[in-house]
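The values are calculated or read from the model by the stated rules, or taken from the named source; none is laboratory data. Worth saying up front: this structure is predicted, and the values here are computed from it rather than measured. Here the Cβ positions follow ideal geometry from the backbone for every residue, glycine too, while neighbour counts run over all protein chains shown.
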Amino acid sequence: MTGVTGALGAVLQVAVIAVGSPYLVGAMRQVRARLEGRAGPDVAQPWRDLRKLLRKESLTPHGTSEVFRLTPAVLVASTVLVAAVAPFLTTASPLDPVADLFAVVALLTLGTVALALAGIDTGTAFGGMGASREMTITALVEPTLLVAIFALSVPVGSTNLGAIVNSTLHDPARVVSPVSLLAAVALAVAIIAETGRLPVDNPSTHLELTMVHEAMVLEYAGPDLALVEWASAMRLTVFLGLLANLFAPWGIATGSGLAGLVLAVIVFAVKVGLLGLLLAVGEVFLAKLRLFRVPELLAGSFLLALLAVAASFFLA
Amino acid sequence: MSFTLLMLAPVLIPALGAVTCAVFGWRRATAWIGVACAAAVLAAGVVLAAETTLTGPRTSLGGQLRVDALSAFMLIVIGAISVLATAASPAWLRTEITAGRANHRSARWHSLLVQAFVAAMALAVLAANLGTVWVAVEATTIITAFLVGQRRTRAAVEAGWKYVVICSVGIALAFLGAVLLNYASAHAGAAGAGLAGNRLDWAALAAGAHSLDPGVTRIAVALLIIGFGTKAGLAPLHAWLPDAHGQAPAPVSALMSGVLLSVAFYAILRVKVIADAALGVAFTRTLLAVIALATLAIAASLLLAQRDYKRMLAYSSIEHMGLLALGAAAGSRLALAAVLLHVLGHGLGKAVLFLSSGRILQVTGTSQIGKVRGLATRQPLLAGCFGLGVLALIGLPPFSLFASGFGIARAGFAEGLGWVTAASFVFVLVIAAAVLTHTGRMLLGPPPPSDAPATDPADRGAVNLALPASGAVPLLVGLTACAALGITLGPLQQLLHSAATLVGTP
Amino acid sequence: MTHFGVVAIVIGLMLFIAHASSDTFASLRQAGAELSPAVRSTIFLAVLVGFASKAGAVPLHAWLPRAHPEAPSQVSALMSAAMVNLGVYGIVRVGFDLLGGGPRWWWLLVLVVGAVSAVYGILQAAMTSDLKRLLGYSTTENLGLVLIGVGAAGVFASAGAHVLAGLALTAALLHVINHAAFKTLLFLSAGSVLHATGLRDLDGLGGLRARMPVTTGLFAVGALAASALPLGNAFVSEWLLLQSLVHGLPVSGVATAITMPAAVAVVALTAGLAVATFVKAFGIGFLARPRSSAAERATESPVSMRVGMGLAALACVALAVVPAMVMPGLARAAGAADSMLGEPAVRGAVTLRLAGFAGSLSPLLVTAALLVGVAAVVAGLRLATVRRTRHGRLTHRARPTRRDARLWDCGAGPLTARMEYTATSFAEPLQRVFDDVLEPEQDVDVTHLQESRYLVDSIEYRRRVPDRIERRLYQPLLAFARAWGQAGRQLATGSVHRYLGYGFYAVAGLLVVLAVTR
Amino acid sequence: MTQTTFSQLLYLACGAFLLAAVLVLWRRELAAIVRLFALQGVALTGIVAVLAAHERSLELGLVAAGIAGLRAVLLPYLVRRALDRAGPGRETKPLVNVAASLLAAAVLTLVAYAVSQPLIALAPSPATRAVPVGLAVVLIGFFVLVTRRRALSQVVGFLLIDNGITAIAFLTTAGVPLIVELGVSLDVLFAALVLQVLTTRMRATFGHTDLDELRELRDA
């Protein structure tokens, strides 16, 4: 029984994230606009942009190779795979043993690498600059991510996502323990850096000096650009979903029938929505850090992760 | 009677050769007499070796000459290396004459003295008592003094003077030791009646050693080891070696470095046998270990910033003698077998190196490492021999020096000389690095733009012709022999074993 | 350097053989048991120094980045893939097998050396713009990771957690095999690039994708493997290593509590920098437009080279997708090293399951899912765009090929190859982040015109990232050797009196000693 | 030859022997040094003659005559011949000044005495009690070699060492076996000859015989 609902849950997960993520981005833009006193486009605007882009003709910038053409596909595929594997709606999905937390992080890094290579492949200064900065940030984020995962896995004894979520479910007191709090903050900072949100990189600007993520996708147009935009929205949702479920897993279906799944979808949407809004509100008040101040931020988050591990050893 | 003749052969034949060279002068016919005599000495050595392994040690000439496994092995070493040296000297002399640095008269003196030199060394090895050994070694000093000072340049005179003074003083100390040993043996024995027969005879001394008075024997042995150590290039009085070998003509320095040092070391081994029986192993072990370490330290310090390649080879001889002293300090049978193999390997390797360095001197005209560039491109065969010789010297596997060095290290550790051996092998490493960098600088790299090598004002025309066949053959034979020894000992195995049992403590 | 290593090994083994009767492994093994701890430690340290120099661990790594660029690529492939592993073999054989484990501080030392080698190696690799030197340094980094695995295994074995030790050792050995596979591929492809363009400097390469498609593809496989990303084979071994470190925390002792997270951080940083390095190597080296005329004229290398690379690539892919095939072999090897190891540490063909711990990964499914995903997306995209055009309003047939558009050049005219990012500029942010570790040197010399100091004739700017350890460790060592040499020369000043003086004082001293110590 | 007169005569000869060595250290003129060396040869012959008389062995007497011939006549003649050709030269300022040299000689004698205790203990007799004198002469000879700059004074130093050793040989065991004694004397003669040839050749090439100037062959 659980096999079927588990599989159904996995498919549902992919569907929810695929459809929901543009709406999340739309909602975040709506909140920012409201706070900045603007009317701003409504929540469904991102979907309309995607539909518009899909209708345009696809272009191949002069001198680029298959790497440039395949990158959007790799981005989307890796994000969808993570969406399928990770326990967003149900912890009993058959795909759980396929990948644990390290593998999930590595898959997302694979996406970033593909994007960086595409940036270099264009051969423009922007592409190279974006790729170089993106790689620097990724290299510095890795230690924080992995040590934070290390902190999470110590009380559980395993790095499998399902196991972590289940154990947090069974032992809610652990959520407020210092280990989880420190790990949560460290992971939050890492996620902001990884998805290119404000303090590290401003997603909505095209100013040469500051843009990192945008620089790499500058040459994309038409359907490819649509895929890239969609993939980055999905990545944001996946990251926020992970953050939510690892530290506040209540409401996730533990494999008992359809009702549980429907409830899980609603609860998941609410949690991710809340986190998104929180991020948007935060972004309004934060200015972009200079690129070479980012390592200090990441060093701080690394320190928090290390403290989390130490706490888990000495307190456990 | 035939056996005494056989025993006398290694001494008499070179002496006769010397006489014929003196009489007939240096001509095409007499040029090859040297090689013939050397070959005869080698043959006699082999026959004597076979004889002694079958029937044990033999004496002749009224107890004056005595041959056993150790002296037979040394005879083979002398024979082999003098064959190499004398084979190369006609070519060398001819080039010297064409270059105007020598004339027929000095060539005659040269071949005469070389033959006398070989005869003296053979006598030293065959002598039965300590006194005759001393006389023979002093004779070698005097003969080579003329050879070193042959070229009459300022440097040659200076080298000659230092060589004679320091060696004679060293040997005088050894004689003082001999006198004291004689005094001790005169009063040895239960009732102080003294040992039977000639008091300085090796065999008698070794047999009666346990009854020698320890106080006197300690001083005697110490003086003997330092005295003969001078001739072997060991620590306190070693400084003559680089000057003498640097200035001596190539075949002579090959002989001196290859064999004379080892003959002096042979005497130290004989003394060690007596000392171990009389005083126990500890005394000689500490003394030889200290000397070995000091020697290696000095060699390492002076090789690091060395500027002259002949002196570099001389200092590496000092280093190898230090290694031999270390092996002797270990003293076990394995150590001594390794030491003797090292003597032969080093002799061959060093002879090849000195002969080729002599050739390099003739070709480039300068003995400065800095001025010799890109030799490999100009003289491939010569550079090849020199390079291979150096590789053999620092103990790379195919050559026998690796096997013997390994043996010495193992024996050193086994005999509890752990730290001393470790320290000395660190020095060996430093020396290997220094020698490699110097040789690398000389051989590799592009030749200097002006193809005419910088001529040293003292040597007028630097000869630029390729290596003559008679010059190249001994080099290649030496290298192949050294490599062959590294792989299998063959017939020498039994001889080495019996010689080592003679000297090594069980 | 290697000579130093050889001497260290000889001294270590000599010491060992001296205590054991003969030098067969069996006799050494029981001799190893009853040796005093001090002797065991000296033996282990000497052997460690020797074999670490052979494996290119940090303090003794200087020969690696110098030897590899000079050697022809097949030879350097051999050196990197096979020779350096001897160092690891030596440490495991003597440390585990002959000396039977030993105290914990040994293995913490190995772990620390591994960590330092890994980080320092990859940092230098990230900075250099010479392709083969980059691969040389990455060998130091990978060997560092292997040493971390071996060190961790030792720590666990000495603390009694033998199953975990088995896991760590299996991870290390798997990484050795993976490294051998992808490093061979990378060196061979670097060789074919050198063969085609005659250039090793990344700043001169570029645009080889169009001119050397096969080599580019194969290098991409190698780079993917080397950067430890899911499709590559190094990901599996690194995942295993991380698993062993993560599960290592409950093992007793405060020391492990500190080293384990530090080790995880080091492995993570190394992985991150490796990703950056190989993106640089592949992206700058092969994509975009050629930056030099030599790269312009590059042609594909002959079939024989490509076949060689193909084989290596095949090995990489096989190891990435089905690592289980080598697992039994590794388990036996780990068992031979540490006799207490029972069953293999990792089981399962498709999904690797850790024995004794909850942790699983299925590289096969991940790869399959990714490929299917990409195919699905591409197909979906084509379907979406085609349906749009047939909607009726656009009558003309969808253009089959994608239109070639000009790159965005801010309207300043066609972009030249000089405007592309080069390897040095790519690594510049990283270098700025790690500049206190790397201490880059830069010197600017300005040549003025004779007439007046204000008119500048030319300015030359040079910036170099020196190998800091070389500068800090080897220069003083060489300076000391030179100073010792100079001082040594005073020993032989040529005066007869000084030489005789040596003898005189020695003899007098000896006589006094003999008289005194009767 | 009663015991007491034998030991008195012996100690007289040994005293002269040691005094000659010390005076070599004192004097600066080369000619004086050579004369002192001849005097020491005579003293050595005296020692051997006294021993021969004491043991009434004709063979030892013959050896004494031989030594007289070699060390008292032939060697000094050789050294003086080399000296005459160069004209009377003074020992240039030695490395260690005269006062310090004498002090060193005293110390060396003490050392010789301390070192030779076991020698005397082995067979205490009037002859062996004089052995420290021989050893002192050896050490002083070595000291002359080390500190004097002129070539000829080094030759004399070397010959002093040989005299000392021969004295010890005779004092301890009435001489080493004859063949060895013969060989040794021959070698010493040859060594002196070689040194003499080298001195003349040095004067030809260097123009002086100051050894401290001979510094071309060096690593410094």
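Inside the range C:494-518, can you point out the residues that are closer than 18 Å to D:VAL96 by Cα, more than 8 Å from chain B (Cβ to nearest Cβ) and not aromatic (Phe, Trp, Tyr)?
Scanning the range C:494-518 gives C:SER495, C:HIS497, C:GLY501, C:ALA508.
Can you tell me which residue is farthest from C:VAL275 (Cα to Cα) among those in the range A:136-169 that are in a helix (DSSP H, G or I) and touching an Asp or Glu at 6+ places or on another chain (Cβ under 6 Å)?
A:GLY162
Identify all residues within the range C:454-494 that are assigned to a loop (DSSP other than H, G, I, E, B) and at pLDDT below 80; write none if there are none.
Matches in the range C:454-494: C:VAL465, C:PRO466, C:ASP467, C:THR493, C:GLY494.
Limited to the range A:107-135, what total is found for residues that are more than 18 Å from the chain's Cα centre (by Cα) and either more than 7 Å from every other protein chain (Cβ to nearest Cβ) or in a helix (DSSP H, G or I) (or both)?
Looking only at that region, the number is 15.
Hey, can you tell me all the residues within the range A:23-49 that are touching a helix residue (DSSP H, G or I) at 6+ places or on another chain (Cβ under 6 Å), in a helix (DSSP H, G or I) and not aliphatic (A, V, I, L, M)?
A:GLY26, A:ARG32, A:GLN45, A:PRO46, A:TRP47
Could you please let me know if D:ASP187 is assigned to a helix (DSSP H, G or I) and among the acidic types (Asp, Glu)?
In short, yes.
Any residue in the range B:232-248 that is facing another protein chain (nearest Cβ under 9 Å) sitting within a Cβ distance under 7 Å of a residue that is among the aliphatic types (A, V, I, L, M) and outside any helix (DSSP H, G or I)? List the pairs, counting only those 6 or more apart or interchain.
B:ASP243/D:LEU217; B:GLY246/D:LEU217
For the structure I just gave you, tell me whether B:VAL47 is touching a residue at least 40 places away in the same chain (Cβ under 8 Å) and surrounded by fewer than 21 Cβ atoms within 10 Å (Cβ to Cβ).
Yes: the conditions hold for B:VAL47.
Can you name the condition, by its number, that A:LEU298 falls short on among (1) within 20 Å of A:ASN202 (Cα to Cα); (2) in contact with a Gly (Cβ under 6 Å, 6 or more places away or on another chain)?
The number of the failed condition is (2).
Considering every residue within the range D:63-71, establish whether at least one is closer than 24 Å to D:LEU182 by Cα and of a type in the set (D, E, K, R).
Looking through the range D:63-71, at least one residue is closer than 24 Å to D:LEU182 by Cα and of a type in the set (D, E, K, R).
Going by the structure shown, is B:ILE76 more than 28 Å from B:ALA206 (Cβ to Cβ), in a helix (DSSP H, G or I), β-branched (Val, Ile, Thr) and under 24 Å from the mean Cα position of the chain (by Cα)?
No.
So in the range A:31-76, with the set limited to residues that are among the β-branched types (Val, Ile, Thr) and farther than 30 Å from A:ASP121 by Cβ, which one is surrounded by the fewest Cβ atoms within 10 Å (Cβ to Cβ)?
A:VAL43
Which ones in the range C:244-276 are facing chain A (nearest Cβ under 7 Å) and either at pLDDT 85 or above or assigned to a helix (DSSP H, G or I) (or both)?
C:VAL246, C:ALA257, C:PRO261, C:VAL264, C:ALA265, C:ALA268, C:LEU269, C:ALA271, C:GLY272, C:LEU273, C:VAL275, C:ALA276
Going through the range B:150-164 one residue at a time, which ones are within 7 Å of chain D (Cβ to nearest Cβ), touching a residue at least 60 places away in the same chain (Cβ under 8 Å) and surrounded by 24 or more Cβ atoms within 10 Å (Cβ to Cβ)?
B:GLU158, B:ALA159, B:GLY160
Name every residue in the range B:246-294 that is outside any helix (DSSP H, G or I) and either surrounded by fewer than 24 Cβ atoms within 10 Å (Cβ to Cβ) or over 16 Å from the mean Cα position of the chain (by Cα) (or both), in order of residue number.
Result: B:GLY280, single match.
Just a yes or no: is a residue in the range D:203-214 assigned to a loop (DSSP other than H, G, I, E, B), of a type outside the set (Asp, Glu) and at positive phi?
Yes: one or more hits.
With respect to D:PHE170, determine if the residue is more than 7 Å from every other protein chain (Cβ to nearest Cβ) and either over 19 Å from the mean Cα position of the chain (by Cα) or buried (at least 23 other Cβ atoms within 10 Å of the Cβ) (or both).
yes
Could you pull out the residue among C:ALA324, C:ALA331, C:ALA295 that is assigned to a helix (DSSP H, G or I), of a type outside the set (Lys, Arg), away from chain A (no Cβ under 11 Å) and surrounded by fewer than 21 Cβ atoms within 10 Å (Cβ to Cβ)?
Every option except C:ALA324 fails the conditions.
Kindly indicate whether any position in the range D:88-96 is small (Gly, Ala, Ser) and outside any loop (DSSP other than H, G, I, E, B).
Looking for residues that are small (Gly, Ala, Ser) and outside any loop (DSSP other than H, G, I, E, B), one finds none in the range D:88-96, hence no.
Determine whether the range D:184-207 contains at least one residue that is within 14 Å of chain C (Cβ to nearest Cβ) and either surrounded by fewer than 22 Cβ atoms within 10 Å (Cβ to Cβ) or of a type in the set (Val, Ile, Thr) (or both).
Checking the range D:184-207: at least one residue is within 14 Å of chain C (Cβ to nearest Cβ) and either surrounded by fewer than 22 Cβ atoms within 10 Å (Cβ to Cβ) or of a type in the set (Val, Ile, Thr) (or both).
Take residues that are within 14 Å of another protein chain (Cβ to nearest Cβ), at pLDDT below 85 and surrounded by 21 or more Cβ atoms within 10 Å (Cβ to Cβ) and tell me which of the helices (runs of 4 or more DSSP H) falling wholly in the range B:348-438 contain 3 or more.
Counting at least 3 such residues, we get B:400-414.
Could you list all residues from the range A:50-77 that are farther than 18 Å from C:VAL374 by Cβ, part of a loop (DSSP other than H, G, I, E, B) and more than 7 Å from chain C (Cβ to nearest Cβ)?
Of everything in the range A:50-77, just one residue is farther than 18 Å from C:VAL374 by Cβ, part of a loop (DSSP other than H, G, I, E, B) and more than 7 Å from chain C (Cβ to nearest Cβ), namely A:LYS56.
Confirm whether A:ARG293 is modelled with pLDDT under 85 and among the basic types (Lys, Arg).
Yes; evaluated as a whole, the condition is true for this residue.
Can you name every one of the helices (runs of 4 or more DSSP H) wholly within the range D:123-177 that holds 3 or more residues which are in contact (Cβ under 8 Å) with a residue 24 or more places away in the chain, among the aliphatic types (A, V, I, L, M) and within 21 Å of C:GLY501 (Cα to Cα)?
In the range D:123-177, D:131-147, D:151-173 are the helices (runs of 4 or more DSSP H) which contain 3 or more residues that are in contact (Cβ under 8 Å) with a residue 24 or more places away in the chain, among the aliphatic types (A, V, I, L, M) and within 21 Å of C:GLY501 (Cα to Cα).
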